[in-house]
1. Once the principal axes of the Cα atoms of the chain are found, what is the range along each, listed largest first in whole angstroms?
2. Considering only protein heavy atoms and a 1.4 Å probe, what is the carbon-and-sulfur percentage of the accessible area of the chain?
3. Could you give P(r) for the range 93-202, binned at 10 Å from zero, as whole percent values over all Cα-Cα pairs?
4. Over 25 Å between Cα atoms, which of Lys272/Lys321; Lys53/Lys177; Lys53/Lys534; Lys22/Lys53 qualify?
5. Assuming R0 = 56 Å, can you tell me the calculated FRET efficiency for the pair Arg132 and Ser589, based on Cβ-Cβ distance, to the nearest 0.05?
6. Enumerate the amide H contacts of Ala484 below 5 Å, restricted to partners 5 or more residues apart or on another chain; note that Pro and chain-start residues carry no placed amide H.
7. So how much slack lies between Ala282 and Leu541, counting 0.36 nm per residue of separation and subtracting their Cα-Cα distance, in nm?
8. How much accessible area per residue does the range 367-644 have, in Å², with a 1.4 Å probe?
Amino acid sequence: MPRHVAVIGAGAIGPDIGYYLKSALPELKLTIIDISQAAIDAALSRFADYTRKALAKGKMNQQQAAAVMLQVQGSTDYDAIKACDWVIEAATENLTLKRRIFAEVEARVAVDAVITSNTSSLPAERIFAELRHKARATVTHFFAPAWRNPAVEVIEYSAAAPELVAWLRWVFCNTGKLPLVTKDVPCFMLDRIFDNWCNEAAMLLDQASAAEIDSVASELVHAGPFFVLNLARGNPIITETNTLQADEEGEHYRPALIFRSVDQWLTVAPGKRVEVPAAKAAAVRDRLLGILLSQAVDILDRTIGTPADLDLGCCTALGFKAGPVALLRDMPNTEAQRILERLALERPGMPMPQRELSAYLRFERHVLVDDLDGVKVITLRRPEALNALHDEMTDEILALIRRYEDDPAVTGFVITGYGTKAFCAGADIGRFPSMLDNRDAAAQYSRDCSRLLVHLDAMQKPVVAALNGMALGGGFELAMRCHALVATEQSWMQLPEVSLGILPGIGAMVVPYRRWPLAASTFHAMLRRCEKLKARQALSLGVVDALAKDSSELIALAVARVQALAHGHGRIADAPVALPAFEPMAAKSASGMALSPTTLALLERAVQQAAQAPTLAAALEIGYLAFGDSACTAAAREGITAFGERRAPDFAAVG
Ligand code: COA
């Protein structure tokens, strides 16, 4: 981890980058450099404002807030950066200025100090052309507001050492960011989408007003292009970045002239819209969709970024409701063809697909795969939902395991979670409302989600769960079917389903009792009272096999565990199991939340019946059916609705 970072530029984004770093790494020394003392003073008072707000919202305690404010200094003198191990340039988008800054920086810092630029459009090759030691330099492009927006593009600059990109990716992952590795082309990946989306909106002004265009765009994005341009004072930026693209790649990218003469657009705020006549709306929609599809296929054909990163980045960094590849997947092929043909006609030169459209859709959307010493490391990556599981994700994991399990070069698998917070926050609750009041559909959903888990039960090659944070509900149910569990000391497990008015239907009422019978009373408390199981306690119960001090050691530990199990691992017992009695208790969770007596009764009955079932398969089926029963209760309706409405459920009213 870096120890002393300098941010050059106390303007709009520099201090926000600094604040993100200080919040994630409170021990860090941070130096903010600017030519203007007033800008530095404003940056420091912004820090104070942010920490005050974080304190008021309970996102930080006093101690954390104090740590963020410590070791932060501003200076107008470059000599203050001498001891830095990472310098982040966040000055104006001006090539000459940036090169001058890098000369000042390089004259002062050590030869191995990392230097990155926050440019949104200028290729690294150009801005670092005069640097003496290029291997330590690249672009790290943050998105506003940089202290909260997780996306950051990390550019694969050809002169940068590969270890630099790997290190930046690792630092960002471990500080709560979402690094997206992107090729070194003008505007990288996400600004190609954003700039051309805005430019296309401006090109459409001969057909519709800004408010009408933003209204149509709101079907695709949370805030329309003109609203965002107002907010970011972005008109000159589009002129600049689209000129760059036009000069390099063709006239079709030339920015709309109107950007030069308009300061603020007359438009509607997000959530509001004006009526747009149907024919006009259709024309605008076609062009906006057309530009998204065109840019997406170009990015993928030129391997500027991966399809999963493109979609995730568009949603996370730019506020799209779905990424362009997901839009392509979800529309009929003929519709996509029609939209692209129309774009080709109205905006000649715009990139068109180089392959069959279906070829763009073949990729893993929700998992990353790495290879470490013959072990496939599968990382669940849905940062927007704490890696919550849904059928697409479990199908992707299963397909990967099937692809590699007969490969003699692969010893086994590790499953872990993306980011610092969660291994997996359970089954995706967003999918539950459709199952309410439908016993058969809910039971079938459990069976379908279990395909992966049942496959794990029968595997010869070992699969190790590496818990890097919370493992809740379905996340813990996935981990408990892996052949061993390792965890960071900070990790914890919980089965919170009864607090949602439902049951954990994919194994938690069955597997722990057959796998760790001596810990049965702990599992009773987890299931009935949502008690947390911390990693250390899980180790003492034998649920977890080994602990890592932190996430930096976790994967190596998991890989070693896979190798240790290469010649065989245990199986979950098939035979019935004796259970301790359920002690009478008030219908309350460990945190004091009133629970539904109906849900608890269903749970206890299912656990007891499953324990007596003659085989594991029969016991699991009892769990699926019991989940189906729970989905038909008023408690489930209340619990799931309350989660969607971000309020505590009121089970007293429903029983
Ligand atoms: N399914 C779908 N989305 C989930 C999810 C799940 N199981 N768990 C978390 N998320 C989403 C949240 O809705 C939120 O989305 P938003 O940013 O669009 O609002 C995002 O992940 C981040 O979670 P948030 O609740 O803001 O984080 P937190 O740190 O305040 O709380 C939890 C974390 C895990 C305590 C809380 O998210 C939670 O209770 N999740 C449900 C856990 C659960 O019951 N799992 C079992 C399901 S069967």
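The values are calculated or read from the model by the stated rules, or taken from the named source; none is laboratory data. Predicted model, so just to flag it, every value in this text is computed and none were measured. Glycine also receives a Cβ, built like all others from the backbone with ideal geometry; neighbour counts cover every protein chain displayed. Accessible surface is based on the protein model in full, side chains and every heavy atom, while ligands, DNA and RNA are left aside. Shrake-Rupley method; radii C 1.70, N 1.55, O 1.52, S 1.80 Å.
1. Cα spread of the chain along its principal axes, largest to smallest: 76, 62, 54 Å.
2. Accessible surface attributable to carbon and sulfur in the chain totals 54 percent.
3. Values per bin, smallest distances first: 15, 44, 34, 7, 1.
4. Distance filter (> 25 Å) returns Lys53/Lys534.
5. About 0.40, to the nearest 0.05.
6. Excluding prolines and chain starts, which carry no amide H, the hits are Val463, Ala465.
7. 87.1 nm
8. 38 Å²
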